[in-house]
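Worksheet for the structure shown next.
The values are calculated or read from the model by the stated rules, or taken from the named source; none is laboratory data. Note that the structure is predicted; figures quoted are calculated from it, not measured. FYI the Cβ positions are ideal-geometry reconstructions off the backbone, even for glycines, and counts take in every protein chain you see. Areas reflect the complete protein model, heavy atoms only, side chains present, ligands, DNA and RNA absent. Shrake-Rupley method; radii C 1.70, N 1.55, O 1.52, S 1.80 Å.
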Amino acid sequence: MNIHEYQAKQLLKQYGVAVPDGEVCKTPAEALAAAEKLIAGGQKMLVVKSQIHAGGRGKGTFKSGFKGGVKLCKTAAEAHDLAKAMLGNVLVTKQTGPDGRLVSTLLVAGAPNIKKELYLAVLLDRATSRPLVMASTEGGVDIEEVAEKTPEKIVKEQIDPALGFQPWQGRKIAAALGLKGDLANQCGKLLAGVYKTWWEADASMVEINPLCIIEGADGKDQLVAVDAKIGLDDNALYRHKDIQAMRDLAEESPLEIEASKFNLNYIKLDGSIACLVNGAGLAMATMDIIQHYGASPANFLDVGGGASKDQVTAAFKIILSDPAVKAIFVNIFGGIMDCNVIATGIVAAVKETGLTLPLVVRLEGNNVIAGKKTLAESGLTIISGDSMADAAQKAVKTIAK
Amino acid sequence: MAILVTPQTKLLVQGITGEFGARHARLSLDYGTQLVAGVTPGKGGQFFEHGGHKVPIFDTVADAVKQTGATASAVFVPPPFAADAILEGVDAGLDLVVAITEGIPVRDMVRARQAMTGSKTRLIGPNCPGIVTPGTGKDSHGGCRIGIAPGYIHKKGNIGVVSRSGTLTYEAVWQLTSRGVGQSTCVGIGGDPVNGTSHLDVIKLFMADPETKGIIMIGEIGGSAEEEAAEWIAKNGTKPVAGFIAGATAPPGRRMGHAGAIVSGGKGTAEAKISAFKAAGIGIAATPSDMADTLLKMM
């Protein structure tokens with residue numbers, strides 16, 4: 001699960017990480033009040049930030065034509081006008097795709113005078129099964145680009161999960177980032193807080209880009225998280241009621257939400273052949289084989305090990321609500337499941353949904369002969385495939401006509 | 001010989017009284033696997049009965065091991081308690097713990113892996129279909145089936161199969177069996193980002209196993225375990241290996257069912273894995289329908 005920037009900052013703040021003062025706003029009036037409060041608190045410059053789960057907000061454009069999902073301003077009146085231009089409008093960035101995302105929440109925050117931008121992240125190192133802290137002097141830019149062009153500018157520090165983040169590791173990273181004196185101390189403290197956020201919140205990734213050296217109110221240099229992104233481990237959400245409440249359904253595809261109600265794992269794609277498969281690996285492989293034979297998959301859909309009638313019916317309904325779908329390819333390896341039960345489920349689902357699109361079914365496994373017989377005797381026009389390759393080719397052929 | 005387990009391996013099931021664990025415990029008994037004990041805290045002293053078998057249930061893994069001599073475990077314990085169950089098996093000195101459970105938090109597995117450092121126990125999974133070493137009976141009956149794979153699709157023979165995915169393993173096994181070619185052992189290592197045994201670990205075991213003459217290695221997007229295995233095979237491989245990588249059409253940044261199947265930050269792409277396979281002389285199956293044929297052509 002992903003959360004918004006303002007939510008990520010709330011979590012970080014909870015674990016002692018410094019973030020700029022800010023307020024969450026849902027209306028221009030709230031933005032005005034927030035700006036007035038921040039200015040009264042001594043902020044000389046403000047930033048109004050659209051809250052969507054996608055990067056590239058600053059360089060994005062609203063469908064209204066208004067440019068920039070992140071804007072600086074100096075007065076409360078300006079903040080009010082910016083909020084008016086952003087709220088209720090759809091922001092398109094390089095990460096949202098052409099459909100963009102509706103902006104319904106803003107973060108109005110102090111925009112401190114930035115002296116230097118750094119990069120910081122905590123993530124899982126899959127090669128070692130340990131947490132990894134990544135830091136770089138190159139902040140505020142695309143870290144993948146830094147990794148590719150100047151990998152020496154990224155420092156990595158593995159964390160022993162039994163010990164947690166150690167003070168010496170904080171000093172080591174601070175030194176690598178060229179931080180000295182009080183800033184080095186702040187860096188150690190901040191790193192410990194960011195690591196703690198990752199660990200305690202069961203995050204899959206915490207990324208702070210940029211982490212900034214700013215001129216504090218007292219004139220001294222300060223280290224603050226100016227932007228923040230947190231991804232969470234879905235498997236661990238059950239133990240975080242507070243984080244569950246941060247889920248924003250508006251950021252998720254309605255079809256994917258519907259699918260999750262039936263324990264279906266559905267991801268919409270751009271192609272025209274829908275797939276319905278049992279097992280994640282086989283589902284991916286089914287998408288691949290459709291492409292291999294010259295068409296594109298309309299979705300990833302794993303119905304899991306069971307594939308009950310209700311699940312298959314729900315899956316058909318979800319598939320059919322995508323207007324781009326021109327044919328359906330059902331690929332089931334019923335290892336333990338009785339193929340005849342699955343076939344009965346498919347027939348019932350076809351009847352219930354009144355399916356008119358071409359349907360290609362490949363069944364293999366336990367009691368497959370009875371299953372194929374059920375399909376053949378259903379009176380429905382179901383195209384049967386013998387192998388995955390045979391069925392995939394038949395499915396591709398149906399849309400080539 | 002096979003790898004990891006033989007038809008003589010004594011198995012216990014952690015979570016044997018749960019619906020999922022019980023169902024697959026019955027199927028393992030039907031397959032002829034030496035299922036000697038079950039573990040469910042609070043139900044020690046009871047029996048798990050099926051088809052004339054009477055399997056004793058214990059409160060702890062340590063008790064089960066002491067009383068029955070079990071050396072391997074299948075973990076069917078629900079996700080919040082699964083890492084704890086794995087560590088209980090490690091403490092009891094099991095040779096092998098196979099964690100079937102899907103949905104264990106990553107943090108729990110990071111801790112469990114750390115705690116297992118230096119222990120003699122090998123962990124397979126989590127979120128995996130398990131292991132099958134086929135037997136010599138009808139439909140490979142009499143083999144060792146740990147986990148949730150359909151036993152009857154196997155056939156005793158000389159091909160090793162290793163994969164992250166369950167159904168894709170069955171697909172490969174079925175292709176082999178349908179062509180009259182049997183398997184030494186089939187290992188599902190699981191689809192999570194943190195697991196106990198990697199592709200490379202299993203490949204090394206297959207290369208050292210005199211019974212295994214050829215290997216099918218199935219990978220998918222995410223991480224770099226396939227690349228590591230390919231690199232090792234390029235230097236040390238002595239047997240033909242064919243492979244398939246699933247997820248070439250998966251959009252970046254999305255998890256494709258398995259928690260570990262994600263291309264993030266341009267890492268873990270199917271392209272990179274396929275080119276690592278090619279560089280190592282691993283036969284690439286153009287489609288998942290060609291996994292067995294690709295290997296058989298090399299042999």
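What is the number of the single condition among (1) surrounded by fewer than 24 Cβ atoms within 10 Å (Cβ to Cβ); (2) at the interface with chain B (Cβ under 9 Å from one of its Cβ atoms); (3) not basic (Lys, Arg) that A:Ser272 does not meet? Of the numbered conditions (1) surrounded by fewer than 24 Cβ atoms within 10 Å (Cβ to Cβ); (2) at the interface with chain B (Cβ under 9 Å from one of its Cβ atoms); (3) not basic (Lys, Arg), the odd one out for A:Ser272 is (2). Once segment B:170-219 is narrowed to residues that are in contact with a Phe, Trp or Tyr (Cβ under 9 Å, 6 or more places away or on another chain) and aromatic (Phe, Trp, Tyr), the residue that is least open to solvent (accessible area, probe 1.4 Å) is B:Tyr170.
Evaluated against (1) touching a helix residue (DSSP H, G or I) at 6+ places or on another chain (Cβ under 7 Å); (2) open to solvent by less than 10 Å² (accessible area, probe 1.4 Å); (3) within 11 Å of chain B (Cβ to nearest Cβ); (4) closer than 22 Å to B:Ile218 by Cα, A:Tyr293 falls short on exactly one condition, (2).
Can you confirm whether segment A:256-270 contains a residue that is modelled with pLDDT of 95 or more and among the acidic types (Asp, Glu)? No, there is no match, as no residue in segment A:256-270 is modelled with pLDDT of 95 or more and among the acidic types (Asp, Glu). In segment A:227-245 there is at least one residue matching the filter, namely being of a type in the set (Asp, Glu), buried (at least 19 other Cβ atoms within 10 Å of the Cβ) and facing chain B (nearest Cβ under 10 Å). Looking at this structure, is A:Asp310 within 14 Å of another protein chain (Cβ to nearest Cβ) and open to solvent by 10 Å² or more (accessible area, probe 1.4 Å)? For A:Asp310, the condition - within 14 Å of another protein chain (Cβ to nearest Cβ) and open to solvent by 10 Å² or more (accessible area, probe 1.4 Å) - is not met.
Among the residues of segment A:339-353, is there at least one that is out of contact with any Leu (no Cβ under 7 Å at 6 or more places or on another chain), farther than 27 Å from B:Phe20 by Cα and either modelled with pLDDT of 90 or more or more than 14 Å from chain B (Cβ to nearest Cβ) (or both)? Yes - at least one qualifying residue is present in segment A:339-353. Of all residues in segment B:11-28, those being of a type in the set (A, V, I, L, M), surrounded by 21 or more Cβ atoms within 10 Å (Cβ to Cβ) and outside any strand (DSSP E or B) number 2. B:Ala248 satisfies every condition listed in (1) surrounded by fewer than 16 Cβ atoms within 10 Å (Cβ to Cβ); (2) part of a loop (DSSP other than H, G, I, E, B); (3) in contact (Cβ under 8 Å) with a residue 12 or more places away in the chain except (1). Contact map, segment A:142-156: residues that are within 13 Å of chain B (Cβ to nearest Cβ) paired with residues that are part of a helix (DSSP H, G or I) and among the acidic types (Asp, Glu), Cβ distance under 6 Å, separation 6+ or inter-chain. No pairs are found. Checking each residue in segment B:251-290 for being part of a strand (DSSP E or B), of a type outside the set (Val, Ile, Thr) and more than 10 Å from chain A (Cβ to nearest Cβ) picks out only B:Gly283. Within segment A:365-393, if we keep just the residues that are open to solvent by 70 Å² or more (accessible area, probe 1.4 Å) and under 15 Å from A:Ala327 (Cα atoms), the residue that is modelled with the lowest pLDDT turns out to be A:Thr381.
Table: residues versus (1) touching a Gly at 6+ places or on another chain (Cβ under 8 Å); (2) more than 21 Å from A:Ala228 (Cβ to Cβ); (3) open to solvent by 50 Å² or more (accessible area, probe 1.4 Å); (4) of a type in the set (Val, Ile, Thr).
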residue	(1), (2), (3), (4)
A:Tyr119	yes, no, no, no
A:Arg126	yes, yes, yes, no
A:Arg130	no, yes, yes, no
A:Asp160	no, yes, no, no
A:Trp168	no, yes, yes, no
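Can you tell me which of B:Gly190, B:Gly166, B:Gly151 is under 17 Å from the mean Cα position of the chain (by Cα), on the phi > 0 side of the Ramachandran plot and within 14 Å of another protein chain (Cβ to nearest Cβ)? Answer to the selection: B:Gly190.
Between a first residue in segment A:191-218 that is away from every other protein chain (no Cβ under 14 Å) and a second residue that is of a type in the set (D, E, K, R) and surrounded by fewer than 23 Cβ atoms within 10 Å (Cβ to Cβ), which pairs have beta carbons less than 6 Å apart while being 6 or more apart in sequence or on different chains? Filtered contacts from segment A:191-218: A:Pro210/A:Glu117; A:Cys212/A:Glu117; A:Ile213/A:Lys115; A:Ile213/A:Lys116; A:Ile213/A:Asp221.
Across segment B:150-168, the number of residues qualifying as open to solvent by 10 Å² or more (accessible area, probe 1.4 Å) and closer than 22 Å to A:Asn235 by Cβ comes to 3.
For segment B:97-125, the set of residues classified as farther than 17 Å from B:Val77 by Cα, modelled with pLDDT of 95 or more and more than 8 Å from chain A (Cβ to nearest Cβ) consists of B:Met116, B:Ser119, B:Lys120, B:Thr121, B:Arg122, listed by residue number.
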